[in-house]
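Worksheet: one structure, shown below.
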There are 2 protein chains.
Amino acid sequence: MARVVVDVMPKAEILDPQGQAIVGALPRLGFAGVSDVRQGKRFELEVDDNVGDDELATIAESFLANTVIEEWKVTRL
Amino acid sequence: MARVVVDVMPKAEILDPQGQAIVGALPRLGFAGVSDVRQGKRFELEVDDNVGDDELATIAESFLANTVIEEWKVTRL
């Protein structure tokens, strides 16, 4: 068994209203010094050892991320 | 400026219906070998250099994560 993390983040050129809401709220809550927040998704997968990087990339690209607006990264732990 | 990642994941003992939906869907889509998926959130923050680890922990714990059901981890990039 291998442990794999897939990070999915909004592309840099895409507006991220959730992240902007957090940036706006932090000063009101007393936290200064945070100038930008982007919110994305993190998937932790348990996969068989025979699942290759190609298949993981296909899962991330075609299924976990919306590649029109999101970029993804696969990391084996 | 420093770049900080906050990962927020459902606690191990908490059901994760989104992750379970993905586990159930992958075989139907032709991907075998994925035995578990947990879905969480990833926040990427731009913070001033004078923002300390204590403040980042407070932001993660009190604001980005719901500590009743989620665990969090702060990583400086």
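Derivation of every value follows stated rules applied to the coordinates shown; laboratory data play no part. Note that the coordinates shown come from a computational prediction; the quantities given were computed from them, not determined experimentally. Quick reminder, even Gly has a Cβ in these numbers, built from the backbone with ideal geometry, and neighbours come from all protein chains shown.
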Filter segment A:1-21 down to the residues that are farther than 15 Å from B:Asp7 by Cα, hydrophobic (A, V, I, L, M, F, W, C) and in contact with a strand residue (DSSP E or B) (Cβ under 7 Å, 6 or more places away or on another chain), then identify the one that is farthest from the other protein chains (Cβ to nearest Cβ).
A:Ala2
Among (1) outside any strand (DSSP E or B); (2) within 11 Å of chain A (Cβ to nearest Cβ); (3) over 23 Å from A:Asp54 (Cα atoms); (4) not small (Gly, Ala, Ser), there is one condition B:Leu45 misses while meeting the rest; what is its number?
(1)
If I go through segment A:8-42 residue by residue, how many of them are in contact with a helix residue (DSSP H, G or I) (Cβ under 9 Å, 6 or more places away or on another chain), closer than 15 Å to B:Glu44 by Cα and not β-branched (Val, Ile, Thr)?
9
Looking only at residues in segment A:47-60 that are crowded, with 16+ Cβ neighbours inside 10 Å and not small (Gly, Ala, Ser), which one is farthest from the chain's Cα centre (by Cα)?
A:Val51
Per the filter on segment A:3-38, residues charged (D, E, K, R), in a strand (DSSP E or B) and surrounded by fewer than 14 Cβ atoms within 10 Å (Cβ to Cβ) are A:Arg3
Which one of these does B:Lys73 not meet: (1) away from chain A (no Cβ under 12 Å); (2) among the charged types (D, E, K, R); (3) assigned to a strand (DSSP E or B)?
(1)
